[in-house]
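To start, the structure itself, in structure tokens.
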Amino acid sequence: MSSRREFIRISFIGAGVLAVAPGVLKATGVITDPVKAGDLKVDLKRIPTYCEVCFWKCAGWVYKTSEGNIWKIIGNDEDQHCNGRLCPRGTGGVGMYYDADRLKTPLIRTEERGMQVFREASWDEALNLVASKIKDISSKYGPESLALFTHGSGSAYYTNLFKALGTGNIAEPSYAQCRGPRDDAFFATFGEEAYSPEITDIRDTRCLVLIGSHIGENMHNNQVQEMSDAIDKGATIITVDPRFSTAAGKSKFWLPIKPATDIALLLAWIHEIIYNEYYDKKYVEKYCSGFDQLKTHVKDFTPEWAYGITTIKPDLIRKTAKEMGNASPAVIVHPGRHVTWYGDDTQRVRAIAILNALLGSWGRRGGLYRPAKFTVPIVPVPAYKEPVKTWQDIFPGKYPIASAPVTNLLIEASIPDNKPGFPVKGWFVNGTNLILTIPNQANTIKAIQNLDLLVVVDTMPMEITGWADVILPECTYLERYDALRASPHRRPSIALRMPAAEPLNNTKPGYWIARELAIKLGLGDYFPYEKLEDMLDWQLKKIGSSLEEMKRSGVKNFPRDADDLYFTEEEAVEFSTDSGKIELYSAFFEQSGFDPLPKYVPHEEPAEGFYRLIYGRAPMHTFSRTSNNPNLTDLMHENSVWINPRVAKAWGIKQDQYIWLKNQDNVVSDFPVKVRVTERIRWDSVYMVHGFGHAQKQMKRCFGKGASDTQLITKVLTDPIMGGTGMRGNFVTFITEKTGTEVAS
Amino acid sequence: MRYAMAVDTKKCVGCSDCVVACQTENSVPIGFCRDWVVETTDGTYPQLQTEIRSERCNHCVNAPCVRCCPTGASHYAEGGIVLVAHDKCIGCGACIASCPYDARYAHPKGYVDKCTFCEHRIKVGMSPACVAVCPTKCIYFGDLDDANSNVSVVLKKRKHKTLIPEAGTNPQLYFLI
Amino acid sequence: MKEELIVSGRMNHMVDPNLNIWHWQIPLYLFLGGMAAGILCIAALYYIRGRENDYRTAVRITPFLAPVLLVLGLVALFIDLRHKLFFWQLYTNIRLQSPMSWGAWTLLVITPVSFIWCALHIRDLFPNWDWKYKWLKVLEEFFNKYKKALAWVMLIYGIILGVYTGILLSAFNARPLWNTSILGPLFLASGLSAGAAATLILSKDKEERKQFARIDLVIIGIELFLIIHMFMGFLASTQVQIDAAKMFLGGSYTMVFWIFVVILGMLIPALLEIMELGKYHIPGILPAILVIFGSFMLRFVIVYAGQMSRWLY
Ligand SMILES: Nc1nc2c(c(=O)[nH]1)N[C@H]1C(S)=C(S)[C@@H](COP(=O)(O)OP(=O)(O)OC[C@H]3O[C@@H](n4cnc5c(=O)[nH]c(N)nc54)[C@H](O)[C@@H]3O)O[C@H]1N2
Ligand SMILES: Nc1nc2c(c(=O)[nH]1)N[C@H]1C(S)=C(S)[C@@H](COP(=O)(O)OP(=O)(O)OC[C@H]3O[C@@H](n4cnc5c(=O)[nH]c(N)nc54)[C@H](O)[C@@H]3O)O[C@H]1N2
Ligand code: SF4
Ligand code: SF4
Ligand code: SF4
Ligand code: SF4
Ligand code: SF4
Ligand SMILES: [Mo]
């Protein structure tokens, strides 16, 4: 028997004895309530962490075997993000540590870019090279010619470094490829964004409306948990999705919408809610502005009008509008998260925001709650130099209301043909696989070919590392300290991540990498602590805690300053919009040259023999980052293309057959993808899970498995308001035979 | 005592957390599993219905795997849990062939393995790993002989079914429908 | 459209996409065991009925094959085990409900019995044989004295062994194709016909050969009857069993089964034997080899096809 099993037995015998003390365990030995190891007050060698497999950042415990090997990761019961239950990806996070294909040591490219020929280097050599190139670019073009692309918890350190260098070009794909339109639309309406984790009070809602949000496949943890609670409590779920999503299967109403027509449906709902007076009159009167303009605007947007566009029966539109009205204000029209779909996304989410306002859900129980965030004291550093030029000067006038730097704009600035205001010549990429993350791969690669420097910090040999000049291997989240997690939630809280194991091979934590580089650049003052844990201890002591305490608890929840999770009855609220009101009619948009009220504009339709390519998440994977994770590939090792049986029949395509996809621009998928013939997808669309089809051979488990949606997204519908990259305007057709391709065995 | 499990197909989202949690908890080798997830879809677009089930050994009351085992390695333990004593198993595969649910696998070390209802955990009052991790809390576990246990209560309240009842195994894994 | 899909897990190549737990070892073991059972039953039966001198080969010579077959069968079984070092656990447990256990214990009895039987007839093969040790001679005398009892033991355990090779499979109600009580008698019959065929090959005595050709004919008739009966049973049963039967009635096992098992393994040898009995000159060894081959194929086809048949998914 393995010694791991022995450990389990030994430690639980100890646990059993002590467990009697709390007296909560049923004496009969009957388990009626889940009791987790966390409850058994014994030292089962557990180390606090928060998860890095996605950006929900659930807090958990890493359990180790008696030999000191990482055994399993379990959610922290005290954590509001997970309530003691990690999602499959968090549970499978162990595979990130054990993946044999991980990056092991710094690498320096020896041949031309894109040819994956690297030599091993010492950290010193690699960082010296990076520092000298950064200095070169900075002196030749100015620091604004440096850009940081980053995602994940290391962002804080590199942001600090780049600000110290004097550049503000710090962009995350979570803005222009993800939730940017949503946050700007909510900001324009409520003067506040929808936050991450979203402020959706799902557990107490009476009606949850999901517009494309595929919760259950999108595994953002406590949302999934609360949706299940809502099902238990009999809440109505309304799902709008061209695909019969998992959530649709749990819904009372599923609206099988024709893709790209959601704004028409939303306008019809607004019409119904206003003209049938389902809206929260007191709330609207008290808090909202622009109601009359809105009412006039939607006058003709009847369910019949919307039917012709969306293919949703008028009766169903009416019924669901009424259902929302009945549940008001305990209703959530989910703001969505990945909302960069068709280029009119800010306007679509504006319609969602308006709907929430009409139903009075913002600031109400069962609607959208008021988040609270714990402010962690910041270690004082010298003042940052004010950047001489910012990303807004690259293409003056573009994306006037973008509230954060736009990744794709920085990429455009690296292509001389685009005549940017100034060129971006050096990229520092941390924790984002730009090749699979940003649509129009050819464009990204063209930009890369014009760079003087591309540095990539990653844990895995991904597509982006293949293009790097210097690869800096970071250890995984299980092997390092990171900044305290302080995300907004119902209660303010912080969580600690500390190493459960020594970094494997010659990998290093992000903080160390950023600091060493800063020292080499003469910016060491910006990193006053040699060790991150000393900084954490300083921060924690400032707030009356300590690293010691956090090592034991992992999570610390604080009381709210005031009992203000929801607006109180009759509360006078000053919103952070220009008018101080919820702006149904956006004067701000109008001033910036955009429609103050959302309009439906038809989108391009697929040509004969082509199908709209839509994509989403699989619950057991995160983007492209988990495709090689041994535990998670066990659950799903390739994606498939969902095809309606009618379409499959017309093409003579069989279940489980492998085919290639070709898009409207004649781009053919590198790899064949398995067909799933299923009624769950419309006949005018095909569906794929994002993150597969890796062309990086060093990832042995996932190389060539499935197809990459990103590769087929060559046409980008850019949102003129904030620069978001709409990715669902691409159409594919099928190729059943292809010669001369590499097929993974 | 009669342990049983009930999975709510109305809440299960098929995320497979139960599968990977079992794998890490019980050191199930990569490439094998003790539980798995099945999804069925019925109907024609847009008139559709899905059912999602997290499946594992049914801990059958009338277990063919126990009956056919030549060494007694497969046996009933306390509470009706069907277990395999690894050091009694010869790896003949008879039990694998005998299980109508295909719930067993041959461990690379030679013996046959399967869901144990996490008896090492329930012995000390913890719930099985898959139950404890499930984000939708859709798995209920407990003692059927105790009318107040979670599982008894939910089975009383909700319509449910078992898989292949016609195989006569009397499964103790229920699905709420 | 109805879709049923394993979303995750069950990446278990021994059960998906179909049961794949048993390979050549088990059908070989069943065949060898069945043939040995056939040989021993026939020998015991004729001995008990006092026809030893009429059917000398069957009683005294052919049984020499049995221990060889049994040992080879045991080797095949052993190779199949995945946890080999625990093999002995078979003999510290008696599990009355487990055919596998029955088989193990039966082999434990019948293998030594078959050795003893051979020892008693060793001089038929090696006329100058001499037991080197005295105690062996004492033993020989002892068994000679109780040869009739020994023959009874051999007959009973031979039948058990023969039936067991079929029961082993039919006990698995999880596999619709195997879940029929006909497999027991069918495999016993098939073992007997293979046993009879062995004598047909070895015997030089015309009368004995004629007798065994007749025996073979009768058994083949019985087998054909059982096969028809089996399919009728399946077709009148539940959908899963109808599906199981369909593998042989148009499905993927149709060709192998009807050509190799039924036509080559039963009908042609039967025809040849009828012709031989009818005084045509046929090389006697040919039908016998075909019968043995058919018996061998029957095990393979049933073991493999059975693994394809299932209840779920
Ligand atoms: N398991 C898992 N969970 C994740 C992630 C992950 O990688 N893995 N990533 C996380 C992140 S960062 C994000 S941003 C979120 C994204 O998750 P969501 O915000 O839920 O993403 P969407 O793009 O809205 O979801 C895709 C769904 O939109 C549907 N859809 C496609 N076209 C249309 C259309 O025109 N109209 C409508 N109404 N629906 C359409 C698709 O069928 C699919 O069901 O997921 C988060 N959760
Ligand atoms: N086609 C298409 N494109 C999309 C989406 C889509 O659905 N379809 N979704 C969009 C959305 S919503 C988002 S949020 C973005 C997400 O975009 P990304 O954040 O780029 O997503 P990943 O593909 O997971 O890439 C993350 C990279 O970080 C690395 N990594 C993982 N852990 C660590 C770590 O601890 N340290 C470091 N340094 N690196 C680490 C991984 O190996 C991987 O290379 O993608 C967007 N792009
Ligand atoms: S939702 Fe899942 S992957 Fe994301 S942080 Fe939480 S446990 Fe990790
Ligand atoms: S963890 Fe729960 S929701 Fe997820 S597949 Fe398993 S039973 Fe279903
Ligand atoms: S499900 Fe299979 S393995 Fe489990 S007890 Fe029943 S027959 Fe045995
Ligand atoms: S494989 Fe092991 S548990 Fe299964 S029947 Fe054989 S000895 Fe018993
Ligand atoms: S009860 Fe335990 S062994 Fe059985 S499936 Fe769940 S986690 Fe695995
Ligand atoms: Mo995202």
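The values are calculated or read from the model by the stated rules, or taken from the named source; none is laboratory data. All figures in this text were calculated on a predicted structure; none of them were measured in a lab. Please note: Cβ atoms are built from the backbone with ideal geometry, for glycine as well, and neighbour counts cover all protein chains shown. Protein only, heavy atoms only, side chains kept; ligands, DNA and RNA dropped before computing areas. Shrake-Rupley method; radii C 1.70, N 1.55, O 1.52, S 1.80 Å.
Springs join every pair of Cα atoms under 10 Å in this Gaussian network model of chain B, and among B:Ser127, B:Ser27, B:Ser54 the largest mean-square fluctuation is at B:Ser27.
So if we plug the beta-carbon distance of A:Ile519 and C:Leu108 into 1/(1 + (r/R0)^6) with R0 = 56 Å, what FRET efficiency do we get, rounded to 0.05?
Taking R0 as 56 Å, the efficiency between A:Ile519 and C:Leu108 is 0.15.
The tail of the calculated P(r) for the stretch B:1-96 beyond 20 Å holds 53 percent of all Cα-Cα pairs. The alpha-carbon atoms of the stretch C:104-144, seen along their principal axes, cover 35, 21, 16 angstrom, with the largest extent given first. For the residue pairs A:Lys662/B:Lys10; A:Lys322/B:Lys159; A:Lys508/A:Lys697; A:Lys674/A:Lys715; B:Lys159/C:Lys246, the C-alpha atoms sit more than 32 angstrom apart in A:Lys662/B:Lys10; B:Lys159/C:Lys246.
Using only the Cα atoms of the stretch A:293-431, what semi-axes does the equivalent ellipsoid have when each is the square root of 5 times a gyration tensor eigenvalue? Give whole Å, largest first.
Semi-axes, largest first: 41, 24, 13 Å.
Of the chymotrypsin sites (Phe, Trp or Tyr not before Pro) found in the stretch A:445-538, the ones in coil according to DSSP and having at most 15 other Cβ atoms within 10 Å of their Cβ are A:Tyr529.
Size descriptors for the protein assembly as shown: radius of gyration and Dmax over Cα atoms are 36.2, 120 Å.
Computed over protein heavy atoms with a 1.4 Å probe, the accessible surface of the stretch A:611-735 works out to 28 Å² per residue. If you take the square roots of the eigenvalues of the alpha-carbon gyration tensor of the stretch B:53-130 and sort them as a ≥ b ≥ c, do you get rounded (a/c under 1.5), prolate (a/b over b/c) or oblate? It comes out prolate by the Cα gyration axes. Each eigenvalue of the Cα gyration tensor of the stretch C:143-202, multiplied by 5 and square-rooted, gives one semi-axis; in descending order these are 28, 16, 6 Å. Here A:Cys207 sits with roughly 0 square angstrom of accessible surface, probe radius 1.4 Å. Between the C-alpha center of the stretch A:674-745 and that of the stretch B:13-59 there is a gap of 25 Å. All alpha carbon pair distances within the stretch A:611-735 were sorted into 10 Å bins beginning at 0; the resulting P(r) in whole percents reads 14, 44, 33, 9, 0.
Where Lys and Arg each count +1 and Asp and Glu each count -1, what net charge lies around C:Asp216 among other residues with Cβ under 13 Å from its Cβ?
-1
In the stretch B:57-87, the residues that give up 30 Å² or more of accessible area when the other protein chains are added, compared with the chain on its own (1.4 Å probe), are B:Arg67, B:Cys68, B:Pro70, B:Thr71, B:His86, B:Asp87. Around A:Met96, under 9 Å between beta carbons, what's the net of Lys plus Arg minus Asp minus Glu among the other residues? Charge balance near A:Met96 sits at 0. Peptide C:11-22 has a mean of 6 when you count, residue by residue, the C-beta atoms of other protein chains within 10 Å of its C-beta.
Summarising the strand pairing of the protein assembly as shown, around 55 percent of its internal DSSP beta bridges are antiparallel. For chain B, a Gaussian network of Cα nodes joined below 10 Å ranks B:Ile96, B:Ile164, B:Ile139 by mean-square fluctuation, and the top entry is B:Ile164.
Exceedance of the 27 Å cut-off in Cα-Cα distance is limited, within the set A:Lys72/A:Lys250; A:Lys299/A:Lys581; A:Lys385/A:Lys551; A:Lys299/A:Lys319; A:Lys520/A:Lys700; A:Lys57/A:Lys551, to A:Lys72/A:Lys250; A:Lys385/A:Lys551; A:Lys520/A:Lys700. For a paramagnetic label modelled on A:Asp595 (point 7 Å from Cα along Cα→Cβ), amide N atoms under 14 Å away belong, within the stretch A:298-341, to A:298-302, A:306.
Sorted largest first by accessible area at a 1.4 angstrom probe radius, with every protein chain in place, the residues A:Ser132, A:Ser640, B:Ser74 fall in the order A:Ser132, A:Ser640, B:Ser74. Would you mind classifying the stretch C:1-94 by shape? Square roots of the alpha carbon gyration tensor eigenvalues, ordered a ≥ b ≥ c; an a/c under 1.5 is rounded, otherwise it is prolate if a/b is larger than b/c and oblate if not. Prolate shape, in that a/c is at least 1.5 and a/b is the bigger ratio.
Between B:His160 and C:Gln239, the modelled label-to-label distance comes to 2.5 nm, taking each label 7 Å out from Cα in the direction of the beta carbon.
How much of the calculated P(r) for chain B lies past 30 Å, in percent of all Cα pairs? Across chain B, Cα pairs with separations above 30 Å total 15 percent. The mean accessible area for residues of the stretch C:25-308, using a 1.4 Å probe and ignoring ligands and nucleic acids, is 44 Å² per residue. For the residues C:Ile167, C:Ile263, C:Ile282, a GNM of chain C with alpha-carbon springs under 10 Å puts the largest fluctuation on C:Ile282.
May I ask you to work out the translational diffusion coefficient for the stretch C:93-162 at 37 °C, viscosity 0.692 mPa s, via Stokes-Einstein with Rh from the Kirkwood sum over Cα pairs, reported in whole µm²/s? In µm²/s, the coefficient is 242.
For the stretch A:579-651, what is the convex hull volume of the alpha-carbon atoms per residue, in Å³? Present the calculation step by step, with values, prior to reporting the outcome.
Working: hull volume 16.0 nm³, N = 73.
Convex hull volume per residue, Cα atoms: 219 Å³.
Dividing the Cα radius of gyration of the stretch A:195-253 by 2.2 N^0.38 Å, with N the residue count, gives 1.00. Applying the criteria of a DSSP loop state and at most 16 other Cβ atoms within 10 Å to the trypsin sites (Lys or Arg not before Pro) of the stretch C:273-313 yields C:Lys279.
Take the accessible area of A alone and of B alone, subtract that of the pair with a 1.4 Å probe, and the total buried over both chains is about 4500 Å². Taking the 1.4 Å solvent-accessible surface of the stretch C:38-91 as the whole, the part contributed by carbon and sulfur is 67%. Where the accessible area of the stretch B:97-136 is counted over protein heavy atoms with a 1.4 Å probe, how much of it, in %, is carbon and sulfur? Here it works out to 61 percent. For C:His83, the accessible area of its heavy atoms, probed at 1.4 Å with every protein chain present, is near 20 square angstrom.
Lys and Arg at +1, Asp and Glu at -1: add these up for the other residues within a Cβ distance under 10 Å of B:Arg158 and post the number.
Cβ neighbours under 10 Å give a net charge of +3.
Comparing the full protein assembly with the isolated chain, the residues of the stretch C:84-132 losing at least 30 square angstrom of accessible surface (1.4 Å probe) are C:Phe86, C:Gln89, C:Leu90, C:Asn93, C:Arg95, C:Gln97, C:Ser98, C:Met100. Spread over its residues, the convex hull of the C-alpha atoms of the stretch C:25-308 is 138 Å³ per residue. Using a probe radius of 1.4 angstrom, the carbon and sulfur fraction of the accessible surface of the stretch A:164-251 is 43%. Ligands, DNA and RNA excluded, the heavy atoms of C:Phe64 present near 40 Å² of accessible surface to a 1.4 Å solvent probe.
Accessible surface buried by the C/B pair amounts to about 3900 Å², both sides summed, 1.4 Å probe. Mean sequence separation of contacting Cα pairs (under 8 Å, at least six apart), scaled by the length of chain A, corresponds to a relative contact order of 18 percent. Which of the trypsin sites (Lys or Arg not before Pro) found in the stretch A:668-707 are loop residues per DSSP with 16 or fewer other Cβ atoms within 10 Å of their Cβ? Qualifying residues, ordered by number: A:Lys697, A:Lys700.
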